[in-house]
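Notes for the one structure printed next.
Here, each number is a calculation from the coordinates, and none is a lab measurement. Just so it is clear, the structure is predicted and the values come from calculations on it, not from any experiment. Reconstructed Cβ throughout: ideal geometry from the backbone, glycine too, with neighbour counts over all protein chains shown.
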Amino acid sequence: MEKKRCIAMVPCPGQGHLIPFVEFGKTLVHHHNNLHLSFLIPTLGPPTPSIMAILNSLPPNIDFIILPHINIQDLPQNLHPGIHMKLTVTHSLPFLHHALTSLNTTTHLLALILDVFSADALPLAKQFNIPSYFFFTSGALTLSFCLSFPKLDDTVSSQFIDSTKIVNVPGSIIPFQVKDLVDLVLYERSSEIYKTYLGLCQQLYFVDGIIVNSFTDMEAEAIRVLQEKTTFLDGPSVYPVGPIIGTGSTSKEKQVECIEWLNKQPPKSVLYICFGSGGTITEDNLNEIAFGLELSGHKFVWVLRAPNNSASSSYLMGQMEDPLRYLPSGFLERTKEQGLVVPSWAPQIEILSHGSTGGFLSHCGWNSTLESVVHSVPMIAWPLFAEQRMNAIVLTDVLKVAVRAKVDDESSGIVKHEEIVRVIKIIMEGEEALQIRNRIKSLSDAALVALSEHGSSIRALHILAHKFQNI
Ligand code: UDX
């Protein structure tokens with residue numbers, strides 16, 4: 001009997017990475033059902049019920065293996081989440097090798113697709129003599145920056161890259177200050193974290209192709225530069241196949257609570273507030289948001305997390321504190337008609353696709369950005385870390401589908417409640433709100449076209465699948 005033609009895919013454990021990675025796999029086999037996919041999943045501890053629910057609902061031509069989990073105690077503490085993900089994969093390499101060996105005997109292995117943070121698994125592609133690809137979970141402009149970063153690093157001789165230096169990222173129509181690029185470039189150049197990031201960017205040149213979760217109308221110039229290969233002469237082929245977003249939540253209880261509440265609200269009247277899969281803000285800003293929401297009088301759904309007051313990190317890792325105790329006294333009572341506070345996690349896709357949702361205050365993580373675009377929800381940009389500042393600038397200054405909540409002064413990082421009221425009014429009321437809504441609706445329509453039968457993203461997917469089939 002002929003062996004199954006199989007592609008091995010290695011995501012990394014972050015939810016914001018795993019979901020689009022899995023959705024990409026589903027899209028690929030939906031259009032090419034003669035392919036078989038096998039997800040080999042490195043984990044730090046047993047997967048959460050929501051991840052298990054996603055994996056258990058995969059179509060028959062996708063299977064998955066959860067690799068033996070890494071003991072968190074074996075990893076250095078207080079790491080940047082990206083480095084955490086990378087090390088989880090590094091520690092899983094022997095298990096990955098074992099899993100690929102058995103796949104190689106039972107199937108015809110066609111290719112290895114990795115998340116960028118799984119790059120340490122690249123040598124396995126050589127060992128099994130198969131081509132390697134990255135699935136890049138951020139946008140095309142971020143990819144362009146990552147490809148150009150090794151060159152930028154070459155030009156620097158000091159310990160730190162000057163954060164005020166102006167950089168022209170290939171494919172951007174506006175220049176960026178270094179402080180607004182991927183935050184890992186701001187670390188000391190001799191630090192482990194900087195060197196790891198630089199290493200990951202260098203690895204981008206060693207694969208046969210990079211699949212990027214974006215589409216032409218959203219990032220036309222960046223995609224053109226990446227595909228033309230005049231800027232990145234020795235760069236890999238790039239396949240923009242987006243927007244690929246999740247299909248929805250698995251927690252029925254929260255879904256019912258949020259949707260029942262949204263069902264009672266007028267169309268486009270609700271502001272949704274969420275800082276991604278693990279992002280959070282300081283206690284001062286949490287109070288300013290609470291105050292600003294009350295003053296604005298607008299309806300809201302707020303995914304509330306316990307704050308993190310550290311100046312250098314704005315994410316929570318594994319903390320399960322009750323966030324409600326951080327709200328100003330009497331807030332819940334006073335706003336019980338105005339809003340819904342949802343501790344820690346909410347069914348974001350269902351909320352963004354609901355007709356009552358009219359705005360999204362977001363950290364501008366790439367998945368949240370694409371979800372907002374697909375569902376035509378104007379944004380308030382409040383970036384926290386990673387490449388989110390870049391995304392925020394593109395959304396506000398280039399695509400003009402978001403407004404930026406400005407910090408009062410850079411050192412405190414406080415966004416005052418008056419500013420919060422100002423930006424809420426801009427996206428929820430009046431003429432400017434209408435213009436922003438029209439622009440994001442056009443982008444959403446363009447996303448639908450990109451994903452239609454002859455659209456640019458599906459064409460890119462077919463070209464890619466054709467490459468796999470010819471192996
Ligand atoms: C980070 C980066 O910032 C992002 O750009 C990168 O591509 C992945 O890592 P993250 O903080 O996870 O992202 O945010 P985001 O990319 O927006 O992904 C969060 C995902 O979790 C979204 O799909 C969102 O719908 C989902 N989510 C988040 C929920 O469903 N409910 C929540 O309460 C919070």
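By the Kirkwood approach, averaging reciprocal distances over each pair of separate Cα atoms, the stretch 76-200 gets a hydrodynamic radius of 16.4 Å. Peptide packing: for 88-100, 332-344, the average count of neighbouring Cβ atoms within 10 Å per residue gives the ranking 88-100, 332-344, highest mean first. Share of pairwise Cα-Cα distances greater than 18 Å in the stretch 182-249 is 54 percent (whole percent).
Here the chain carries DSSP beta bridges of which approximately 5% are antiparallel, counting only pairs with both residues inside.
Given their separation in residues at 0.36 nm each and the Cα-Cα distance between them, residue 107 and residue 65 gain 13.6 nm when the chain is fully extended. Annotation: peptides 427-440, 263-276, 131-144, ranked by per-residue average of other Cβ atoms within 10 Å with the highest first, follow the order 131-144, 263-276, 427-440. Here the scattering of the stretch 252-448 is modelled by Debye summation over its C-alpha atoms, one equal scatterer each and no solvent; at q = 0.08, 0.14, 0.18 Å⁻¹ the log10 of I(q)/I(0) is -0.23, -0.74, -1.32. Counting neighbouring Cβ atoms within 10 Å and putting the fewest first, the residues 299, 3 line up as 3, 299.
From its DSSP helices (H runs of at least four residues, each -39,500 (n - 2.57)), the chain gives a residue-normalised ellipticity at 222 nm of -12000 deg cm²/dmol.
Each other residue within a Cβ distance under 12 Å of residue 242 adds +1 if Lys or Arg and -1 if Asp or Glu, for a net charge of -4. Under a 5 Å amide H to amide H cut-off, with H placed in plane at 1.01 Å, what residues pair with residue 4 once short-range neighbours are removed? It is 108, by chain and number. Centre-to-centre separation between the Cα atoms of the stretch 335-386 and those of the stretch 18-91: 25 Å.
For the chain, the normalised intensity computed at q = 0.07, 0.11, 0.12 Å⁻¹ comes to -0.35, -0.90, -1.09 (log10 of I(q)/I(0), Debye sum over alpha carbons, equal scatterers, no solvent). Taking the Cα of residue 3, stepping 7 Å toward and past its beta carbon, and measuring to each backbone N in the stretch 31-47: which are under 19 Å? So the set is 34-40.
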